[in-house]
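Please read the structure below before turning to the comments.
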Amino acid sequence: MLEMIKELCALSGISGREGKIREYIISKLPEAAEYSVDAMGNLIVFVKGKNTAKNKVMLAAHMDEVGMIVTFIDDKGFIKFANVGGIDTAVQLGRRVKVGEKGLTGVIGVTPIHLRRSDDEYKMPKADELYIDVGANDKKELEGLVNPGDEIVFDSDAVEFSDKLKAKAIDDRAGCALLLDMIINGVEYDTYFAFTVQEEVGCRGAGCAAFSVEPDYAVVVETTTAADISGVSGEKQVCKLGEGAVIPFMDAGTVYSPELYAVAKKLSAEKGFKMQTKTLIAGGNDARAITGSGKGVKTLTVSFATRYLHSPSCVIAKKDIEEMSAAVKAIAKEFANA
């Protein structure tokens, strides 16, 4: 699954531009899998299990990544942009990016510190001060190559270092890889898999997917912020790399059923997969849209602990991949027969 995560992270797909990820997943589906693509672009896959499930279960992971979009090209050939999803300006300064379908190499630029006014030199630049330099000498040089509306993604290779993996778009290509691995290897019970769109701009696709599938239970397979880093202690670390699946009882978008949370804890003890929870109420994901879909869906989120989310260098622990897989499979099986 590690190689699949790396391959998925290498693809470009900001919110609303998930086509390459969807095509990759479809290309890996076994012949027996049934799939459809809805008007939003969600990919819904049904896999027949060895046994018929008592309840309809849907596993979901979003295909989109945070990034940027071209808004304007000035006469000098510099590109202005807007963020797609939540990105801290601090992680953009000086970063290498790919622009448009041609994948032009660019650098996010800002006025150098030695040319800034002394009262501003230690302040973080505002987002609208940034621009992208693709090496063009003027606007005319970019005609036919870059247009307003083109996507921009971080240009950051996947790298294994020590027992960890660094890549852009781990949020949520890691979740997509886990679901795809389950599909390829077969499931014990009939299962629906939703690869959703536009999570990073408001969980827009997941509600449509849930409305279409009408599951009894859903498991959102995600990533979540780990702040187990220098200078952070106690509850503000949120969760830790290497400590297994992160299963929250609440986040900024969803208050999870205490009964389902208890089921996850019971399964962790019985099946032996490592589980931790979030010690800070923050973040959100597709669960908020799925939970309130139709007549309501019993939903749980299972996440990879991830450092430096929404940056070119997301980091996960490789051993958490196995723990996550075991957790999702056990929970999905339990929900199928609850």
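The values are calculated or read from the model by the stated rules, or taken from the named source; none is laboratory data. In this text, all values refer to a predicted model and were calculated from it rather than measured experimentally. Glycine also receives a Cβ, built like all others from the backbone with ideal geometry; neighbour counts cover every protein chain displayed. With ligands, DNA and RNA removed, areas are computed over all heavy atoms of the protein, side chains included. Shrake-Rupley method; radii C 1.70, N 1.55, O 1.52, S 1.80 Å.
Excluding same-chain neighbours fewer than eight residues apart, the lysines reachable from Lys28 by a Cα-Cα span under 21 Å are Lys6, Lys20, Lys48, Lys50, Lys329. For a paramagnetic label modelled on Ser257 (point 7 Å from Cα along Cα→Cβ), amide N atoms under 14 Å away belong, within region 205-231, to 215-220.
With a Förster radius of 35 Å applied to the C-beta separation of Asp163 and Glu141, the computed FRET efficiency comes to 0.20.
Within the chain, DSSP assigns beta bridges of which about 65% are antiparallel (rounded to the nearest 5). Within the chain, the selection of entire DSSP H helices by a Cα span of 18 Å or greater along the long axis and an average Kyte-Doolittle value of at least -1.0 returns 170-185, 258-271, 319-336. Taking a sphere under 14 Å around the Cβ of Phe78 and counting the other residues whose Cβ falls inside, with K and R at +1 and D and E at -1, yields a net charge of -3.
Post the alpha-carbon centroid distance, region 37-68 to region 183-235, in whole angstrom. Cα centroid of region 37-68 versus Cα centroid of region 183-235: 9 Å apart.
Roughly to the nearest percent, how much of the accessible area of the chain is carbon and sulfur, given a 1.4 Å probe?
On the way: 7590 of 15170 Å².
C and S atoms contribute 50 percent here.
Note on Glu34: accessible area approximately 110 square angstrom, rounded to 10, probe 1.4 Å, nucleic acids and ligands left out. So if R0 is 30 Å, what FRET efficiency would Ser27 and Lys126 give, r being the distance between their Cβ atoms, rounded to the nearest 0.05? So the FRET efficiency works out to roughly 0.10.
For the pair Ile184 and Ile229, label points projected 7 Å from Cα toward Cβ lie 3.1 nm apart.
For region 119-272, the pair-distance distribution built from all alpha carbon pairs, in bins 5 Å wide starting at 0, is 1, 5, 9, 13, 17, 15, 13, 9, 7, 5, 3, 1, 0 percent. Between Met250 and Lys295, the distance separating the two model label sites (each 7 Å from Cα on the Cα→Cβ line) works out to 2.8 nm.
Computed over neighbours whose Cβ is under 10 Å from that of Lys274, the net charge equals -3, Lys and Arg +1, Asp and Glu -1.
Summing charges over all other residues whose Cβ lies under 13 Å from the Cβ of Ala326, with Lys and Arg as +1 and Asp and Glu as -1, gives -1.
By the helix-only formula, in which each DSSP H run with n ≥ 4 contributes -39500 (n - 2.57) and the sum is divided by residues, the chain has a 222 nm mean residue ellipticity of -7500 deg cm²/dmol.
Extending 7 Å from the Cα toward the beta-carbon at both Thr105 and Asn55 defines two label points whose distance is 5.1 nm.
Largest first, the three principal axis extents of the alpha carbons in the chain are 64, 45, 38 Å in whole numbers.
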